[in-house]
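Structure first, commentary second.
The values are calculated or read from the model by the stated rules, or taken from the named source; none is laboratory data. All values reported here derive from a predicted model rather than from experimental measurement. Here the Cβ is made from the backbone with ideal geometry for all residues, glycine too, and neighbour counts use every protein chain on show.
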Amino acid sequence: MAVIEASPPRCLICRSDESRRRYAITRFDVVECRACGQIYLHPLPDPGEIRVLFESLYSTGDGSLPELRDYYQFCYTDSPDNPLTQRYEVWLDKIESVRKPGRVLDIGCGTGLFLSVARRRGWEPYGIDESVEATDYARGHFGLDPWVGDFESFAGTGEQFDLVTGWDVIEHSRDPVSLLHAARQCLVGDGILSLSTPNQRSILDLVAGAMYRTSGGRLTAPLEKFYIEQHFLYFTPSSLGEVLSLAGLEITQMDLELTDLRRLTLPPLVRAGLHTMFLAARVLGRQNRLFIIARARA
């Protein structure tokens, strides 16, 4: 895979070039910014390579992780037994406990599955995504009409929404502060933003990092199941709050969650091992995912 950004690493949050290397894995270093503490990959993959990767993941499931082979196939049906549909219903329950249905904009809407679920619950759905293939499916299958293009450019149109969502979006951004600032611009005065993203302070990093250090940096395979090329940024609960603050937002609710193993392609023994690890994660508060609701600061 082609990469960009020659050394030294430069933080995607505060732009500092002062960093320390946490892990050296096959294609990247996982580094921590000495100025703000943000964890990110270096060097970053080329944007064109990332576009090709997502086209492949949506269409065939082919990518660097065989565990994700069927992951994106759950984006194509809004049936009640779909685990992704079920996850969206849970998130909407949390959102609707603080905000009644209104206009919702989903950043990175993909195939439109979330918007289809939200529409059933009374939300007026809008979405934006750069993938022509995914948005074509949103139109043809779910009857939606998403914009195709770059979100930051769309934010200047003046459109405003009661809810803006970004499911597994912020970790793909090369300029997350600008992304969040644009999302804030799209909110009505009392609107809310809701995001999900992997939790860097998870049991996966805890266990894989210990194996890496114990082996003197030779055992990298477990880390490479978590630190993957399409995720440029890895947030902790604290660092996610900090980047939202830089964009004029404050978190009003944060929940720790676990990946739904039903969406992963796993051998039985690996599935059982992850299930046991996830039980430990609940006890330790080391779940591998974050869900937040935020509002503009007064």
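Each residue in segment 34-44 was checked for being touching a residue at least 40 places away in the same chain (Cβ under 8 Å) and either under 18 Å from the mean Cα position of the chain (by Cα) or more than 17 Å from L244 (Cα to Cα) (or both), and 6 pass. Scanning segment 100-145 for residues that are at pLDDT below 95, surrounded by fewer than 20 Cβ atoms within 10 Å (Cβ to Cβ) and touching a helix residue (DSSP H, G or I) at 6+ places or on another chain (Cβ under 7 Å) yields S131, E133. Return yes or no: is C75 in contact with a helix residue (DSSP H, G or I) (Cβ under 7 Å, 6 or more places away or on another chain), within 19 Å of D162 (Cα to Cα) and not polar (S, T, N, Q)? Answer is no for this residue.
A count restricted to segment 130-144 and to residues that are over 16 Å from S116 (Cβ atoms) and in a helix (DSSP H, G or I) stands at 2. Taking the listed residues T252, T259, the one that is β-branched (V, I, T) and in contact (Cβ under 8 Å) with a residue 60 or more places away in the chain is T252, with no other qualifying. Can you pull out every residue in segment 262-298 that is touching a Pro at 6+ places or on another chain (Cβ under 9 Å) and outside any loop (DSSP other than H, G, I, E, B)? Scanning segment 262-298 gives R262, R263, R289, L290, I292. Here the condition is being more than 15 Å from the chain's Cα centre (by Cα) and touching a residue at least 40 places away in the same chain (Cβ under 8 Å); of L223, L274, L269, L219, it holds for L223 alone. The set of residues from segment 106-129 being farther than 15 Å from S79 by Cβ and of a type in the set (G, A, S) comprises G108, G110, A118, G122, G127.
In the condition set (1) touching a Leu at 6+ places or on another chain (Cβ under 9 Å); (2) farther than 26 Å from I95 by Cα, L261 is compliant with all but (2).
Scanning segment 2-16 for residues being aliphatic (A, V, I, L, M), modelled with pLDDT under 95 and part of a loop (DSSP other than H, G, I, E, B) gives a total of 3. Pairs are defined by a Cβ separation below 7 Å, a sequence spacing of at least 6 or placement on different chains, a first member in segment 280-294 that is more than 11 Å from S202 (Cα to Cα), and a second member that is surrounded by fewer than 21 Cβ atoms within 10 Å (Cβ to Cβ) and of a type in the set (G, A, S); the pairs so defined are F291/S196. Do you know which residues across segment 280-295 are over 23 Å from D93 (Cβ atoms) and surrounded by 12 or more Cβ atoms within 10 Å (Cβ to Cβ)? A280, R286 - these are the residues of segment 280-295 that are over 23 Å from D93 (Cβ atoms) and surrounded by 12 or more Cβ atoms within 10 Å (Cβ to Cβ).
Looking across segment 17-33, the residues that are outside any loop (DSSP other than H, G, I, E, B) and either crowded, with 20+ Cβ neighbours inside 10 Å or within 22 Å of the chain's Cα centre (by Cα) (or both) come down to S19, R22, Y23, D29, V30, V31, E32, C33. Could you say whether any residue in segment 150-171 is closer than 25 Å to R263 by Cα, touching a His at 6+ places or on another chain (Cβ under 7 Å) and either among the acidic types (D, E) or at pLDDT 95 or above (or both)? Yes, that holds for at least one residue.
Among the candidates L105, L144, L41, L65, which residue alone is under 28 Å from A24 (Cα atoms) and in contact with a strand residue (DSSP E or B) (Cβ under 9 Å, 6 or more places away or on another chain)?
Just one listed residue meets the conditions, L41.
Selection of segment 146-166 for residues being hydrophobic (A, V, I, L, M, F, W, C) and surrounded by 21 or more Cβ atoms within 10 Å (Cβ to Cβ) yields F151, A155, F161, L163, V164.
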